[in-house]
Amino acid sequence: MIVQINQSLKKLNTFGIDQKASRLIWAQSKEEIENYLLHHGAPALVLGGGSNMLLTKDVEGDVLKVDIHGREVVFEDDDYIHISFGAGENWHEAVLWTLMQGFGGLENLSLIPGNCGTAPVQNIGAYGVELQDVFVSCEGILIADGSPFKLSKEDVRFGYRNSIFKNEWKGKTVITQVTLQLTKRNHRIIADYGAIKSELDKIDVSEPTPKQISDVVVAIRKSKLPDPSKIGNSGSFFKNPIVTEVQATELIKNYPGIPTYTAESGKKIAAGWIIEQCGWKGFRKKDAGVHKKQALVLVNYGNATGSEIHALSQRIIEDVYTRFGIQLEPEVNLI
Ligand code: EPU
C-alpha cells in the first residue's frame with residue numbers, strides 16, 4: 001500500500017479538477033483493502049478511474065485508489081470465455097486486449113474512459129450495448145465490516161446507467177474484480193446504430209468483425225467526444241431523460257426533429273439535442289464549457305473548478321426545465 005500526503009487529484013479524475021486529498025492510499029490487492037478497512041474504517045472516498053465524478057471540494061480524509069490489476073480466465077468452452085478483470089484495469093486497454101485475443105463482446109464499448117471496476121456501477125453503455133450484456137459477476141468488499149461479496153448479474157439489478165451500486169449499495173462497497181462473458185466464435189455483432197452503419201459503408205464492410213466494429217466506434221467517438229487527456233470531461237454529464245409515451249407524443253408534436261428511442265418504460269429523449277436547442281452547445285465561461293460537438297458533455301478547458309462546472313450544469317438543468325418541462329439528471333457523481 002502506497003500512501004501519499006496532501007496529494008492533488010487532478011491527474012486521477014478525467015475532468016482534470018485540481019482538488020486535494022488529505023491522504024491518497026493506493027491499494028493494489030484485495031488483501032490491502034481488507035487490511036486498510038480493518039485498521040482505518042471507511043475512507044472518505046473510494047476512487048476508481050475517476051471518469052464519472054466531479055470534484056467540487058478537497059477531500060478531507062483518505063481517498064482509497066483501487067489499483068488492482070490482472071486478467072484471469074475463469075471459465076471456457078468452445079463458444080464462450082469468462083475473464084475476470086482486476087478493478088484497476090483500464091477499460092479501453094482491457095477491451096483492446098480481448099479483441100487482440102479474438103474475443104467478441106466489448107467492441108461497441110471501445111474507448112469509454114474509466115476502469116473495469118467502475119463499469120458496473122453505471123452500467124456503461126454505447127452504440128446499442130451495455131455492460132449488463134456481457135456481465136457475469138463481480139466481487140468486492142463491504143466497507144462496513146470488510147467482508148467479501150460476490151454479486152451475479154441479477155443481484156446487480158442493472159438499468160439504464162444504473163445499478164445497485166448507485167442505489168442501496170451506494171458508497172458501501174469496494175469492487176475488486178469484474179467477470180465478463182466474451183464470445184470465441186459466433187460473435188454477436190451489433191451494427192445497426194446509424195453512425196456505425198454509415199462508417200462501415202464508407203469502408204465497404206458488410207460483415208464486420210468485432211475488431212472492425214471497435215475501430216469504427218473509436219473513430220466515431222474521437223470525432224465527437226473530447227479526449228480527456230486534452231480537454232477535461234466526464235463523458236455525458238447528464239442521463240438521457242425517460243418520459244412517458246404521452247409526453248413523448250406531445251414533445252414530437254411540438255418539436256418534430258427531437259430524437260427519441262424506445263426505453264424499458266416510455267421513451268428516452270436525446271438530452272444533447274434538447275441542450276443544443278436551448279443554445280448551450282459550445283458555450284464557455286472561463287474554463288467551464290459545453291462541448292462544441294456534443295452538448296451532453298461538459299468540459300474543463302484547463303483550470304475550471306468543480307463548482308464552476310456544477311454551476312453551469314445547474315443553469316442548463318433550469319433552462320431545459322423552463323423550455324421543455326424536462327428535468328435533467330446528472331450522470332456523474334458530485335463529490
Ligand atoms: N444530438 C444533438 N446535439 C448534440 C448531441 C446530440 O442534436 O449536441 C443528437 C444527435 O444528433 C443524435 C442524438 O442526439 O440524434 C443522440 O446523440 P448521440 O448518438 O451522440 O448519443 P447520446 O444519446 O447523446 C448516448 C450515451 C453516450 C454514448 C452514445 C452512443 C448517455 C447519457 N450517453 O449519448 O455515452 O456514447 O449514446 O451510444 O446515454 C457517456 O455515457 O459518457 C457517453 C458518452
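Odds and ends about this structure:
- Segment 71-183: relative contact order in percent, alpha carbon pairs under 8 Å with at least 6 residues between: 32 percent
- Contour minus Cα-Cα distance for GLU93 and HIS39 (0.36 nm per residue): 16.1 nm
- When trypsin sites (Lys or Arg not before Pro) are flagged only if DSSP places them in a loop and at most 13 other Cβ atoms lie within 10 Å, the longest unflagged stretch of the chain comes out as 58-169.
- Taking the square roots of five times each eigenvalue of the Cα gyration tensor of segment 71-183, the equivalent ellipsoid has semi-axes of 22, 15, 13 Å, listed largest first.
- Rg over Rh [alpha-carbon atoms, Kirkwood Rh] for segment 45-123: 1.05
- Taken as Cα centroids, segment 1-16 and segment 220-238 sit 21 Å apart, rounded to the nearest whole angstrom.
- For segment 2-66, projected area of the alpha-carbon convex hull averaged over all directions, nm²: 4.0 nm²
- Convex hull volume per residue, computed on the Cα atoms of segment 232-334, equals 92 Å³.
- Above-threshold pairs, the threshold being 21 Å between Cα atoms, out of LYS166/LYS285; LYS11/LYS239; LYS65/LYS286; LYS11/LYS57; LYS230/LYS293: LYS166/LYS285; LYS11/LYS239; LYS65/LYS286
- Debye intensity ratio in log₁₀ form over the Cα atoms of the chain, taken at each q of 0.07, 0.11, 0.15 Å⁻¹: -0.30, -0.76, -1.37
- Overall dimensions of segment 137-249 by Cα: Rg and Dmax, Å: 18.9, 56
Throughout, read-outs are computed from the coordinates displayed, never taken from laboratory work. No experiment lies behind these values; they were computed from the predicted model shown. Positions of Cβ are backbone-derived with ideal geometry, glycine not excepted, and every protein chain shown enters the neighbour counts.
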